[in-house]
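I have placed the structure first, in the form of structure tokens, so that the comments after it can refer back to it.
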Amino acid sequence: GEIVPVWTYRVRMGISRVGSNAALAANILDGDPNTYWEPDADDPVDNWWVEVDLGRVVPIDSLVVRFVDAELGDPFTQFRVLTSALQVPVLEKTRDIGFQLSARTTVPNRDQRQFDFSLAQHSADPEWTGQLVETIRIVVSDTRGGRSRLISEDQWQSLDPADQGDIVFFV
């Protein structure tokens, strides 16, 4: 006889959840160096994250985060990479799938375009490097916003108001 499956499981890799600017989120997976995802500047910083489902648990030794060329935009100033060996196929935003901090910037980034993070499992056999991952969440925690470079007050006053950007005070 023929065996008939009772159920079918389909792996759906890709963007699973987005806190900000969902319309651009798929761009981070398209392989095109001219497309990108960035959070909406009008959204609260707490919503500046994007989550990728790998479709199944995968052993990962390292993770690479790349940013577009300088002509297309700035890299994230500060960010964290969280990973989990779980994915939950529900829409509950409050559901905790056990993210752990796997990588992060430690100083503000102004121009680095590629980060290579080695991943390690805290309780794994010392002979095995890497981490079991199904879900990756990238969280932006700081932005340069309207800040670019330090100029004098006279230079700032002479700029068109649309080009003046943010005022940053140092004490």
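Largest accessible area first, the listed residues 156, 128 line up as 128, 156 when surface is computed with a 1.4 Å probe on the assembled protein chains.
Between residue 134 and 58, 84, 85, 86, the built amide H atoms are under 5 Å apart, and every one of these is 5 or more places off in sequence or on another chain. Residue 159 exposes around 60 Å² of accessible area when a 1.4 Å probe is run over every protein chain in place.
Per-residue SASA remark: residue 113, around 60 Å² accessible (1.4 Å probe; ligands, DNA and RNA not included).
The values are calculated or read from the model by the stated rules, or taken from the named source; none is laboratory data. Given the structure is predicted, the values throughout are model-derived calculations rather than measurements. Protein only, heavy atoms only, side chains kept; ligands, DNA and RNA dropped before computing areas. Shrake-Rupley method; radii C 1.70, N 1.55, O 1.52, S 1.80 Å.
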